[in-house]
Amino acid sequence: MNPDIEESLDRFRTNAVRYARYERYYRGEHDLSFATEKFKSTFGSLFREFALNLCPAVCDALRDKLKITGFSIDGGDDGDGDRAKRIWQANRMPLRSAEIHKEVLKNGDAYAIVWPRPDGQVAIHPNRSANCTAVYDEETPGIIVRAAKYWRTADGRTRMNLFYADRIEKYVTAKANQGWLPEAKEFVPFADGPAGSEVVANPFGVVPLFHFANNADVGAPGCSELETALPIQDGLNKSVLDMLVAMEFSAFRQRWAAGLEFEYDDDGKVVPPFHAGVDHIWMTESTDARFGDFDSADLEQFLKVKDSFRTDIASVTGTPLYYLLPQLRGFPSGESLRKAETRFLAKVRDRQESFGQVWADIMAFALLVSGAGGVRLVTEWEDAAARSEREMLENILLKMRIGVPAEQALIEAGYGAEDARRMAAHAEK
């Protein structure tokens, strides 16, 4: 038995608990807390699925700014850029790259596997964090020496592929298994073709699995953007639940009556003379009776606490407050937005740098698989800073003054490639 199977299973089991928590909170399945056991017994079933979920906003605010616009060639032939663009578009990566960014921001890790299809075309496969793991070289940090992926088959068995720089080994459980991951001894080599197909040669010399790690140390798993927000999210939910309970118990104005004679039942208990409700009128023949009501509970403090938790989430995660308080006003211009988002934009650019290196490696490997070796790429990102249309056009004009071709400038202005080519040709006449 390959000992790497056991090591990979241990990693899968360890990571599964961590990823499951982030997934659950992102979906709004939170751990709810009540003020007392009485409130829990009274309202637990009513509010068991309640959550004022701000976790998606924390991740999506960052994902919205991570848009890849293309790749520039740092080393290689001029035609490699067009080939990289075709591979990118053929794999629908403008959409699927956003899925990877969501996964890595939510769980801290995400993976992509690059490998040729049977027809010879390059395939880029995004993968969930819970299904993959990678081991880095201790001597050369940052280099993946082996990786693994597991998944369930339609017949209930578990498949696992081990990726190395020179081969891919394929395994499967001998029989169907339910629930948790099976033991390593249950895996046997899997051949989906002639004898020997359980091992596939890797002629490219690189492990074809690429790891996106969010805000991670070298060679370490990533850290979810939700990590620091979860305790505050729990506090926010509790504050809202307490407010709902207060509304139920004390928002209705309680009435009182004085100067009445009470009646008693057979057990000696006082019989309430009136029943409170919108459909009841209190009347008495007593001339000494007096009526009044108590003030209802002031819920303003609950609202202030709720909004303070939103501010705390913005503070610890660096998320712009207007993502968490949509009714917020007071940002009249793009320049004001940039000043208010200084910390957030710094985080966006850090993620662009980190993820951009992985995307460049992925596309360089994809070009190697397609037959173009030795290519170095640089990932190009959409500017994260908010700009008005006028500011954007002025920036494009400045680029043209330093030599950017008119066709490229028109593409950056939002025109399609064919329209830009036609307009640039017309302008030269």
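Data table
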read-out	value
Amide hydrogen neighbours beyond the local backbone of V145, cut-off 5 Å, H modeled	V135, Y136, D137
Calculated FRET value between I143 and E300, using beta carbons and R₀ = 56 Å, to 0.05	0.45
Contact order normalised by residue count of segment 51-149, Cα under 8 Å, 6+ apart, percent	18 percent
Karplus (6.51, -1.76, 1.60) ³J(HN,Hα), θ = phi - 60°, over segment 413-423, in Hz, Gly and Pro reported as x	7, x, 7, x, 4, 5, 4, 5, 5, 5, 5
Three-way shape call for segment 387-429 based on the alpha-carbon gyration tensor, with the a/c threshold at 1.5	oblate
Exposure proxy order (Cβ contacts within 10 Å, fewest to most) of E263, E341	E263, E341
Computed lengthening from E389 to L95, 0.36 nm per intervening residue step minus Cα-Cα distance	103.4 nm
Label assignment, Rg and Dmax of the Cα atoms in Å derived from the structure, set (1) 25.7, 84; (2) 30.7, 107; (3) 21.4, 64	(2)
Helical mean residue ellipticity (222 nm; -39500 (n - 2.57) per DSSP H run of 4+; nearest 500) of the chain	-13500 deg cm²/dmol
Stretch gain in nm, segment E428-D293, where the contour uses 0.36 nm per residue and the Cα spacing is subtracted	40.3 nm
Amide hydrogen neighbours beyond the local backbone of G70, cut-off 5 Å, H modeled	E380
Derived scalar couplings ³J(HN,Hα) [segment 4-17; Karplus, 6.51 cos²θ - 1.76 cosθ + 1.60; whole Hz; x for Gly, Pro]	5, 5, 4, 4, 5, 4, 4, 5, 4, 5, 5, 6, 4, 5
Extension reserve of the K175-Q408 stretch, reckoned as 0.36 nm per residue once the Cα distance is removed	78.2 nm
Rounded to 10°, Cα long-axis angle of helix 79-90 versus longest principal axis of the chain	40 degrees
0 to 90° range, to nearest 10: angle between helix 230-250 axis and the chain longest Cα axis	20 degrees
Under 5 Å, built H, 5+ apart or other chain: amide partners of V188	V172, T173, A174
Restraint check, K149/K170; K106/K347; K149/K175; K238/K304; K149/K347; K106/K238, Cα-Cα greater than 21 Å	K149/K347; K106/K238
Karplus-derived 3J(HN,Hα), 6.51/-1.76/1.60, for each residue of segment 224-229, Hz, glycine and proline x	5, 5, 8, 3, 7, 8
Segment 101-155 versus segment 202-222: alpha-carbon centroid distance in Å	8 Å
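We did not get these values from a lab; they are worked out from the coordinates using the rules stated. Note that this is a predicted model, so its numbers are computed, not measured. Heads up, the Cβs are rebuilt from the backbone with ideal geometry, glycines too, and the neighbour counts pull from every protein chain shown.
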